[in-house]
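> My questions all concern the structure below.
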Number of protein chains: 4
Amino acid sequence: MIRVAVVGAAGYIGGELLRLLIGHPEVDVVAAVSSRFPGKRVDGVHPNLRSATDLLFCTADDVEDCDAVFLATPHRAAMTQVEHWIGRAKQVIDLTGDFRLDDTEVFERYYGTEHAAPHLLGDFVPGIPELYRESLRTADLVSVPGCMAVAGVLALYPLVARDLVEPEAQFDARTGSSGSGATAGEANLHAERSGAMRVFAPTGHRHEAEISRHLGIRAAMTATGVEAVRGVQTICHARLRPGVDKSAVRRAYREQYRDEPFVRVVAHQRGTFRYPEPKILLGSNFCDVGFAVDEEAGRLVTIAALDNLMKGGAGNAVQFLNIRMGWPENLGLSFPGLHPV
Amino acid sequence: MIRVAVVGAAGYIGGELLRLLIGHPEVDVVAAVSSRFPGKRVDGVHPNLRSATDLLFCTADDVEDCDAVFLATPHRAAMTQVEHWIGRAKQVIDLTGDFRLDDTEVFERYYGTEHAAPHLLGDFVPGIPELYRESLRTADLVSVPGCMAVAGVLALYPLVARDLVEPEAQFDARTGSSGSGATAGEANLHAERSGAMRVFAPTGHRHEAEISRHLGIRAAMTATGVEAVRGVQTICHARLRPGVDKSAVRRAYREQYRDEPFVRVVAHQRGTFRYPEPKILLGSNFCDVGFAVDEEAGRLVTIAALDNLMKGGAGNAVQFLNIRMGWPENLGLSFPGLHPV
Amino acid sequence: MIRVAVVGAAGYIGGELLRLLIGHPEVDVVAAVSSRFPGKRVDGVHPNLRSATDLLFCTADDVEDCDAVFLATPHRAAMTQVEHWIGRAKQVIDLTGDFRLDDTEVFERYYGTEHAAPHLLGDFVPGIPELYRESLRTADLVSVPGCMAVAGVLALYPLVARDLVEPEAQFDARTGSSGSGATAGEANLHAERSGAMRVFAPTGHRHEAEISRHLGIRAAMTATGVEAVRGVQTICHARLRPGVDKSAVRRAYREQYRDEPFVRVVAHQRGTFRYPEPKILLGSNFCDVGFAVDEEAGRLVTIAALDNLMKGGAGNAVQFLNIRMGWPENLGLSFPGLHPV
Amino acid sequence: MIRVAVVGAAGYIGGELLRLLIGHPEVDVVAAVSSRFPGKRVDGVHPNLRSATDLLFCTADDVEDCDAVFLATPHRAAMTQVEHWIGRAKQVIDLTGDFRLDDTEVFERYYGTEHAAPHLLGDFVPGIPELYRESLRTADLVSVPGCMAVAGVLALYPLVARDLVEPEAQFDARTGSSGSGATAGEANLHAERSGAMRVFAPTGHRHEAEISRHLGIRAAMTATGVEAVRGVQTICHARLRPGVDKSAVRRAYREQYRDEPFVRVVAHQRGTFRYPEPKILLGSNFCDVGFAVDEEAGRLVTIAALDNLMKGGAGNAVQFLNIRMGWPENLGLSFPGLHPV
């Protein structure tokens, strides 16, 4: 059993980390840090954990040395606290945006703020097992990518890796409301947010920079809030290299993801769920990936779906932990999702 | 054209009043009072009014004399401001809870606060046209009842008025999230409120006292928030007086509501919408009322549905204005609702 | 008063036509044709019309000559019946897909069927007032375009008309479930469709051909069903011509739509509803249009939202009728939409 | 490993059984019977099971002897097939309504049909571990109760068992759309069902008879469909015996459910989720139970919530299997539910 702490444990990503880590057979959760609710019961904030834990929230100062610490604080808090946590834990897994980009200038353009620890930017390994698994096996500093970025990257990576598409693409990302966090403002009131199709970032969303970084292409992303609590779907519009046909595309996806425990290729001829959809992924760590080719026009549409709190956050972080510790990659992550739901 | 002002115009009831009054052919909206947004455009807060109005929010001090003022402030603000508005307008229509009860002691029990203007409690005529139309024709002070109370009262009134039921009943009220207002807290975040079946008042809800008052029976009400933005449905479980059969019940409803412009009796043998349901009433001023009798057990279930911001608030207030002014009762209130929606 | 008939009156577009036409001060609805429910009450199928009409559904044979007939049948039924209706009515307004394209070959490619009346294809004027108002003033055969196509066309037209964008664009259309009609199959069961983000047409959707036709560009459209009953939003990703800046784009939209009664330009710096969103348009005939420019990348995103049964169907058809008859263009179409909802 | 078969495996309860049983460490699913889809892949119908199984649906004739068979067919199919399955399996667990009542006359009144195997009615043990655990340890024929009935029974049982309430109560049950099954008709189209508050059974619902049976009181139940896919909540309005106070009520619940693995008492002073709510129970086997007492009026309201496909169906069935086999009662049932969702 390793000892882990979750910082920012009262938030939605924090809660999901607690759910996974409390249920993980090799992990002992020794601290749930919340600056808002120290001393309160964890299951008061996360009622799904009733009868699963008697843990109380604590402050950062209460945390003793541990094996791994997960940072699920608001953006900008991680980069100021990170040195503190590096001194306390062997692995630091950051789930905020603070260490997702490795270029200070790009960071400042997209985040509109100076970076508080630029010297560490290059030390964090991106927490995308499908692209960086070998580095992750030995990584002690990991930055889990943004939910819409993970989906966008996995949607197009097999084609980029094989140079089958032009190096420019449009990404249309849709997200549920939980991505805004547990302390969101009036735009997230139920009466305002319910039934939304809200283009909150037509251009310049931060996850766009991550897609560009990991795929090495020019990515333009539009982000829309749709009616859902959990769930992200990213559509990618791209242009095929001349001569690339449907079967080359299919082969690329099959090859790339054949052995991935948490990526499924979903591109069927028929059926209600013939393309990836987050609805059936709630609580699961899968990212489903599909595609459709218009050979005549030389274009393709690729589609990825995931649960933003799981493969787009906490689940991905636990998958890294499993990799890092040499445990089975799906340990504690085997919930398959529900249907219908 | 009469000149009207809306106080608390940035709230949800306030916005609905503005929508109705701006579209009303005999009304000129001269002021939209908001303490939060003075000087801002009304359609910035109520985007459905874009191109319908160029009105700006103003402060209470900006309002000159007018014919009618509608108070849609938070509860407790109305009772402290009411004398001010009585000095400014011929009619004062209060849509808060402050003047819904005529008994100070009952008020204090249900509202947990002292009343700031107890001497006026008896002067407000309840804004339920179906029960108090004659008084409303000449009323200058009107208190529009609570949304779940209107539904509960209209659901059972025909039977109570004819002494067909025992003087005690259970009311099960379900409500959408807009009833909590535009400044609600974390429990109303979309991620928390979405898909809710939330018993927020198992006993002791304020609207219970109104039902008891208007029906003259012992009412016990349970209130549950369900997934909807607009819409209230109140179910009533009651016991028939001995010997009362189904046809007597049906006759009572038909007779009572035959000439009511905004109550429809909905109790069919078949069809998806055979009982009242708020979904098809969004934006309309109807209260649909239905019933089902278990003759053998001597029990009945009655059901009422309405849009809480319309017949449960702003629409009811405008219906009163039409009555008071001698205009057609449905003037400016003719939107029938949508299907599907 | 003119006499009108609605064919396919038990469907969702048919029901919306009935709601609008029954409420229209210059129109008498003389027939509601339904092959499924002849002899049944209209308000049994469309419960929002209770107390608004006592009309019964009838068969096509029951319809005598009338001034205008609206065809809201399933696709493919209109083209086989159209000659019959041309013999019965001065104006025939088709709301199906049958006469939306003017090129037989394109029709057959997108619809996968032969056209039953190809000689009439060129006679139907497209029912988009914003592009074809002058022709519509005298048109007797009109084809109302697809809901996602209307949104896509209005989203980009001001820029295409001024040659400010490259002649190629990607359209990302999202739609509610009512677009699938009242007789849809298992994929539209609530348990399956609720919370969907369902890419049902990654490429090759029929509305794509309409966008290409009306804009004269190469359009690639992806269609996704999202959680909503009513509502369409179409996002367009396009590339600016060299040298075109933000202010030229803004000017184009303002100029183009300044005098349009049912198009609003919505592109604000802040506010929850700063870009177009269908939620606040339910039941209204507005199409809101917005845009965001990335000057550095030379790209832009445009956004249009509407209610698919209104501006995307029945409302657009009534707007044509008003134009054709010389009535105020918003007669019977003045409902502004709700907020919140 | 025991060998089990699921009959009616393409339905929603059937799919949930497959999800649980495929993930159960002591169970081997040897057959998934579907008369609609023989030969098709199970994960085509239940897409959440992709990568979890390669099973194909088969016909009843394909099933060889096995240890346990779960009947999740439509109502009325089970009673005609049951003798066949008794010949094939040691345990037969029926999840339909066919064996939920032990009195032929009551069955025929509530189900409106003759019973096809009345001689077996008394042989089925009700699958409510909290009431019948000892009998279930050796039972070979089990009837899993209706979802709203389980909630209603568990909501009031502690008080009935201690004679703290009058023997008569009203139950107000609310349910998601998945309870109508995977082949439901037009009333369950998304456009019709979305946002519903649909009183589909004001009186006489079948689950009412089960509540009466298990509690031994006169139960009157009203059933309403609300906006949700999964989830049942049953509210109970009852009258306390004279002299019973709040602390006696609390003590009854605590005592009764202290050692129950799947019943949690949820009745807090504050917090968004202070009473039971199905939202946080999706996919979990918990039934949360709460209460609120109005001592002055001598009344109380009790509340139970569960996932209708889990504790209201498949989960309850697997809990029985664990009891019958002597395995830990929560084996394969440990998913805690999600928050937010």
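> Could you list, in sequence order, the residues of segment D:4-32 that are closer than 14 Å to D:Asp62 by Cα and open to solvent by 10 Å² or more (accessible area, probe 1.4 Å)?
Correct list: D:Gly8, D:Val29, D:Val30.
> Sticking with this one: Among the numbered criteria (1) under 18 Å from A:Ile303 (Cβ atoms); (2) open to solvent by 10 Å² or more (accessible area, probe 1.4 Å); (3) within 12 Å of chain C (Cβ to nearest Cβ), which single criterion is violated by A:Arg250?
(3)
> Can you go through B:Val293, B:Val289 and tell me which one is farther than 30 Å from C:Ser180 by Cβ, open to solvent by 10 Å² or more (accessible area, probe 1.4 Å), over 11 Å from the mean Cα position of the chain (by Cα) and within 14 Å of another protein chain (Cβ to nearest Cβ)? Before you say what the answer is, go through the steps one by one.
Values: B:Val289 fails: open to solvent by 10 Å² or more (accessible area, probe 1.4 Å).
Among B:Val293, B:Val289, only B:Val293 is farther than 30 Å from C:Ser180 by Cβ, open to solvent by 10 Å² or more (accessible area, probe 1.4 Å), over 11 Å from the mean Cα position of the chain (by Cα) and within 14 Å of another protein chain (Cβ to nearest Cβ).
> Next question, about the same structure. Taking segment D:87-105, which residues are in contact with a helix residue (DSSP H, G or I) (Cβ under 7 Å, 6 or more places away or on another chain), open to solvent by 40 Å² or more (accessible area, probe 1.4 Å) and not in a helix (DSSP H, G or I)? Show your work before the answer.
Residues of segment D:87-105 that are in contact with a helix residue (DSSP H, G or I) (Cβ under 7 Å, 6 or more places away or on another chain), as a first pass: D:91-102, D:104.
Adding the requirement that they be open to solvent by 40 Å² or more (accessible area, probe 1.4 Å) leaves D:102, D:104.
Selection gives D:Asp102 alone.
> Name the single residue, out of those in segment C:213-228 being open to solvent by 10 Å² or more (accessible area, probe 1.4 Å) and at the interface with another protein chain (Cβ under 10 Å from one of its Cβ atoms), that is farthest from C:Tyr132 (Cα to Cα).
Of everything passing the filter in segment C:213-228, C:Glu227 is farthest from C:Tyr132 (Cα to Cα).
> Taking D:Glu255 as meeting all but one of (1) under 20 Å from the mean Cα position of the chain (by Cα); (2) surrounded by fewer than 19 Cβ atoms within 10 Å (Cβ to Cβ), write down the number of the exception.
It is condition (1) that D:Glu255 fails.
> Would it be correct to say that C:Arg324 is away from chain A (no Cβ under 14 Å) and surrounded by fewer than 24 Cβ atoms within 10 Å (Cβ to Cβ)? Working first, answer last.
Details: away from chain A (no Cβ under 14 Å): yes; surrounded by fewer than 24 Cβ atoms within 10 Å (Cβ to Cβ): yes.
In short, yes.
> Can you tell me which residue is nearest to D:Val69 (Cα to Cα) among those in segment D:117-157 that are open to solvent by 60 Å² or more (accessible area, probe 1.4 Å) and either assigned by TED's automatic domain parsing to the domain that holds D:His207 or outside any helix (DSSP H, G or I) (or both)?
It comes out as D:Asp140.
> If you check D:Glu114, D:Glu192, D:Glu108, which single one turns out to be over 14 Å from D:Gly225 (Cα atoms), part of a helix (DSSP H, G or I) and either facing another protein chain (nearest Cβ under 10 Å) or among the acidic types (Asp, Glu) (or both)? Write out each step before concluding.
Details: D:Glu114 fails: part of a helix (DSSP H, G or I); D:Glu192 fails: over 14 Å from D:Gly225 (Cα atoms).
Every option except D:Glu108 fails the conditions.
> For segment A:258-283, which positions are surrounded by fewer than 23 Cβ atoms within 10 Å (Cβ to Cβ), away from chain C (no Cβ under 13 Å) and either part of a loop (DSSP other than H, G, I, E, B) or among the hydrophobic types (A, V, I, L, M, F, W, C) (or both)?
Scanning segment A:258-283 gives A:Arg258, A:Asp259, A:Glu260, A:Pro261, A:Val265.
> While we're here: Just to verify a result, which residue in segment A:57-86, among those that are among the aromatic types (Phe, Trp, Tyr) and assigned to a strand (DSSP E or B), is nearest to D:Leu306 (Cα to Cα)? Reasoning before the result, please.
Keep residues of segment A:57-86 that are among the aromatic types (Phe, Trp, Tyr), which gives A:57, A:70, A:85.
Now drop any that are not assigned to a strand (DSSP E or B), which leaves A:57, A:70.
Numbers: A:Phe57: 28, A:Phe70: 32 Å.
Across segment A:57-86, the extreme among qualifying residues is A:Phe57.
> Additional query: Would you point out the residue of segment A:195-212, among those that are touching a Phe, Trp or Tyr at 6+ places or on another chain (Cβ under 8 Å) and among the charged types (D, E, K, R), that is farthest from the other protein chains (Cβ to nearest Cβ)?
A:Arg206
> Kindly check whether there is at least one residue in segment D:304-321 that is part of a strand (DSSP E or B) and at the interface with chain B (Cβ under 10 Å from one of its Cβ atoms).
Pass one, segment D:304-321, residues part of a strand (DSSP E or B): D:304-306.
With the extra rule that they be at the interface with chain B (Cβ under 10 Å from one of its Cβ atoms), the set shrinks to D:305.
Checked against the condition, which is being part of a strand (DSSP E or B) and at the interface with chain B (Cβ under 10 Å from one of its Cβ atoms), segment D:304-321 yields at least one hit.
> Of the numbered conditions (1) small (Gly, Ala, Ser); (2) more than 25 Å from D:Gly146 (Cβ to Cβ); (3) in a loop (DSSP other than H, G, I, E, B), D:Ala31 satisfies every one except a single condition; which is it?
It is condition (3) that D:Ala31 fails.
> Taking only segment D:46-86 into account, find how many residues are surrounded by fewer than 17 Cβ atoms within 10 Å (Cβ to Cβ), farther than 25 Å from D:Leu121 by Cα and of a type in the set (Val, Ile, Thr).
1
> Could you say which residue among B:Val244, B:Val199 is among the β-branched types (Val, Ile, Thr) and open to solvent by less than 10 Å² (accessible area, probe 1.4 Å)?
Details: B:Val244 fails: open to solvent by less than 10 Å² (accessible area, probe 1.4 Å).
Matching residue, one of B:Val244, B:Val199: B:Val199.
> On the basis of being within 18 Å of the chain's Cα centre (by Cα) and either in the same structural domain as B:Arg264 (by TED's automatic domain parsing) or more than 28 Å from C:Gly44 (Cβ to Cβ) (or both), does B:Asn330 make the cut? If you could, list the steps in order and put the result at the bottom.
Values: within 18 Å of the chain's Cα centre (by Cα): yes; either in the same structural domain as B:Arg264 (by TED's automatic domain parsing) or more than 28 Å from C:Gly44 (Cβ to Cβ) (or both): no.
When the stated conditions are applied, B:Asn330 does not pass them.
> I would also like to ask the following. Checking the conditions here, which among D:Asp43, D:Asp54 is in a loop (DSSP other than H, G, I, E, B) and either within 27 Å of A:Lys279 (Cβ to Cβ) or hydroxyl-bearing (Ser, Thr, Tyr) (or both)?
The unique qualifying residue is D:Asp54.
> Just to verify a result, which residue in segment D:158-185, among those that are more than 28 Å from B:Thr302 (Cα to Cα) and small (Gly, Ala, Ser), is surrounded by the fewest Cβ atoms within 10 Å (Cβ to Cβ)? If you could, list the steps in order and put the result at the bottom.
At the first step, the residues of segment D:158-185 found to be more than 28 Å from B:Thr302 (Cα to Cα) are D:158, D:161-164, D:182-183.
Remaining after also requiring small (Gly, Ala, Ser): D:161, D:182.
Details: D:Ala161: 14, D:Ala182: 22.
Here the residue is D:Ala161.
> Further question: So is C:Ala209 small (Gly, Ala, Ser), modelled with pLDDT of 95 or more and either within 30 Å of A:Pro340 (Cβ to Cβ) or buried (at least 24 other Cβ atoms within 10 Å of the Cβ) (or both) or not? Give the steps one after another, and end with the answer.
Details: small (Gly, Ala, Ser): yes; modelled with pLDDT of 95 or more: yes; either within 30 Å of A:Pro340 (Cβ to Cβ) or buried (at least 24 other Cβ atoms within 10 Å of the Cβ) (or both): no.
Considered against the rule, which asks whether it is small (Gly, Ala, Ser), modelled with pLDDT of 95 or more and either within 30 Å of A:Pro340 (Cβ to Cβ) or buried (at least 24 other Cβ atoms within 10 Å of the Cβ) (or both), C:Ala209 comes out as no.
> Moving to a separate point now. List the pairs whose first member sits in segment C:14-38 and is farther than 14 Å from C:Arg50 by Cα, whose second member is charged (D, E, K, R), and whose Cβ atoms are under 6 Å apart, counting only residues at least 6 apart or on separate chains?
Between residues of segment C:14-38 that are farther than 14 Å from C:Arg50 by Cα and residues that are charged (D, E, K, R), the close pairs are C:Asp28/C:Arg3; C:Val30/C:Arg3.
> Identify the single condition in (1) farther than 22 Å from B:Glu16 by Cα; (2) polar (S, T, N, Q); (3) under 17 Å from the mean Cα position of the chain (by Cα); (4) not in a helix (DSSP H, G or I) that B:Thr203 does not satisfy, given that it satisfies every other one.
B:Thr203 satisfies all of (1) farther than 22 Å from B:Glu16 by Cα; (2) polar (S, T, N, Q); (3) under 17 Å from the mean Cα position of the chain (by Cα); (4) not in a helix (DSSP H, G or I) except (3).
The values are calculated or read from the model by the stated rules, or taken from the named source; none is laboratory data. Just so it is clear, the structure is predicted and the values come from calculations on it, not from any experiment. With ideal geometry, Cβ positions are generated from the backbone for all residues, glycine too; neighbour counts draw on all protein chains shown. These area figures cover heavy atoms from the full protein model, side chains too; ligands, DNA and RNA do not enter into them. Shrake-Rupley method; radii C 1.70, N 1.55, O 1.52, S 1.80 Å.
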